[in-house]
Amino acid sequence: MQSETITQALTAVCREIDRVDACMLLQHVLNVNHAFLLTYPDHVLIPQQTTEFFCLAKQRIGGTPIAYLTGERAFYDLNFKVTEAVLIPRPETELLVEWALKLIPVDQPRKILDLGTGSGAIAITIAKHRPQSQVTAVDLSADALAVCRWNTKNLRVNNLHLIAGNWFDELSGERFDLIVSNPPYVAESDPHLKQGDLRFEPQIALSAGDNGLACIGHIINAAPRHLVKSGWLLLEHGYDQAAACRRLLAHRDFSNICCYPDLAGIMRVSGGQMNASVSI
Ligand SMILES: C[S@@+](CC[C@H](N)C(=O)[O-])C[C@H]1O[C@@H](n2cnc3c(N)ncnc32)[C@H](O)[C@@H]1O
């Protein structure tokens with residue numbers, strides 16, 4: 001394969017893939033930032049770089065998500081390794097983290113639980129920003145936990161404990177000040193599962209029975225047995241599930257129930273506080 005300049009390489013693929021995507025792939029191959037591409041458009045790629053870039057571009061044309069091609073995704077203020085074993089962290093999930101951080105004091109120890117941790121985006125970000133807290137992260141997928149373990153080490157987090165298991169099953173008798181979760185919530189019949197990036201992401205991370213509400217319902221139902229009095233439960237959910245979440249939380253006697261919209265104005269995160277007067 002002949003050598004190409006940055007401009008030639010980008011021009012060659014930009015008819016078939018988005019320019020932003022092409023730049024991200026080239027930055028990954030050259031291990032440079034975007035400013036480098038803009039500053040040195042005549043920089044010549046060595047042949048291996050040209051081959052690798054066109055190989056990645058071809059996979060992108062086939063639909064593979066950029067994050068799986070580059071192996072990383074920025075979330076909040078950290079960079080996470082991602083593989084096909086984990087959901088690609090989404091910007092809307094940062095809303096859940098922001099709400100959680102508001103509830104956790106910086107200078108006092110708290111026990112936090114993240115259910116369905118995947119890459120560890122939520123658990124690791126909370127652990128990093130609240131070093132006094134002890135964070136527990138659970139996932140059913142051993143492959144996802146391996147990615148989370150790698151991120152924990154790489155981001156030098158030492159207040160996070162990983163558990164393999166089904167939701168609360170391995171936590172009998174344990175109580176937390178705050179439980180957070182971004183569980184699978186897409187209805188199994190949703191046609192979006194066969195479109196775009198979702199085609200490449202693990203089904204176990206995406207879809208749930210009961211029209212997408214099975215995991216949310218299970219977590220809300222079991223959470224009171226694992227929360228301290230006045231503890232909080234925060235959940236991310238689908239664009240049309242806020243009312244159902246509110247109903248499920250109210251049914252389990254949570255108080256101070258609120259929903260917050262994401263940047264697109266879609267109600268995306270709901271939560272409530274254990275009613276201190278309810279005996280569990
Ligand atoms: C939507 S992904 C969220 C990943 C990550 N927390 C994030 O926000 O990017 C849901 C996660 O739940 C995990 N999961 C699915 N079913 C589970 C179960 N029964 N028990 C524990 N984790 C489960 C999946 O493996 C996946 O990592």
Give me the base-10 log of I(q)/I(0) for the chain at each q in 0.17 Å⁻¹, Debye formula, one uniform scatterer per Cα, rounded to two decimals. -1.30
Loop trypsin sites (Lys or Arg not before Pro), the stretch 3-91, which have at most 15 other Cβ atoms in a 10 Å radius of their Cβ (DSSP): Arg15
Which FRET efficiency value, to the nearest 0.05, do you get for Arg247 and Lys153 by plugging their Cβ-Cβ distance into 1/(1 + (r/R0)^6) with R0 = 25 Å? 0.05
Among DSSP beta bridges lying fully in the chain, give the percent that are antiparallel, nearest 5. 45 percent
As a test of the definition: which semi-axes, in Å, follow for the stretch 6-62 when you take the square root of five times each eigenvalue of its alpha carbon gyration tensor? Largest first, please. 16, 12, 10
Please turn the phi angles of the stretch 229-238 into ³J(HN,Hα) values with the Karplus equation 6.51 cos²θ - 1.76 cosθ + 1.60 (θ = phi - 60°), one per residue in order, whole Hz, x for glycine and proline. 4, 6, x, 10, 10, 10, 10, 8, 8, x
Give the lysines reachable from Lys229 as a straight Cα distance under 22 Å; neighbours fewer than 8 places away on the same chain don't count. Lys102, Lys111
If the elastic network links every pair of Cα atoms under 10 Å, which of Ile163, Ile46, Ile17 fluctuates the most in the Gaussian network model of the chain? Ile46
For Val186, list long-range residues whose amide hydrogen, built 1.01 Å from N in the peptide plane, is under 5 Å from its own amide hydrogen. Ser207, Ala208
Consider all pairwise Cα distances in the stretch 82-232 and report the whole-number % of them above 23 Å. 33 percent
Cα to Cα, under 18 Å, and not fewer than 8 places away if on the same chain: which lysines meet these conditions relative to Lys153? Lys81, Lys128
Which number comes out as Rg/Rh for the stretch 199-280 once both Rg and the Kirkwood Rh are worked out on C-alpha atoms? 1.00
Could you please report the charge total around Ala164, scoring K, R as +1 and D, E as -1 over all other residues with beta-carbon less than 9 angstrom from its beta-carbon? -2
Once phi is turned into θ = phi - 60°, what whole-Hz ³J(HN,Hα) does the Karplus curve with 6.51, -1.76 and 1.60 give for every residue of the stretch 25-35, x standing for Gly and Pro? 5, 5, 4, 5, 5, 8, 6, 10, 9, 5, 4
Expressed as a whole number of Å, what is the distance separating the alpha-carbon centroids of the stretch 173-229 and the stretch 1-77? 34 Å
222 nm [θ] for the chain, helices only, -39500 (n - 2.57) per DSSP H run of 4+, per residue, to 500? -10500 deg cm²/dmol
Distant-in-sequence amide H partners of Leu162 (H built 1.01 Å from N, under 5 Å): Ala137
Ignoring any ligand, DNA or RNA, what whole percent of the accessible area of the chain comes from carbon and sulfur when the probe is 1.4 angstrom? 51 percent
Trypsin sites (Lys or Arg not before Pro) within the stretch 112-195, DSSP loop, no more than 10 other Cβ atoms inside 10 Å: Arg156
Could you report the chain's accessible area per residue, 1.4 Å probe, as an integer in Å²? 49 Å²
Residue-ordered couplings for the stretch 96-111, obtained by feeding phi - 60° into the Karplus form 6.51 cos²θ - 1.76 cosθ + 1.60 and rounding to whole Hz (Gly and Pro as x), are 4, 5, 4, 4, 4, 5, 5, 8, 9, x, 6, 10, 10, x, 9, 9
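The values are calculated or read from the model by the stated rules, or taken from the named source; none is laboratory data. Nothing here was measured: the structure is a model prediction, and the numbers come from that model. Using ideal geometry, Cβ is built from the backbone for each residue, glycine included, and neighbour counts are taken over all protein chains shown. The area values use the complete protein model at the heavy-atom level, side chains included, leaving out ligands, DNA and RNA. Shrake-Rupley method; radii C 1.70, N 1.55, O 1.52, S 1.80 Å.
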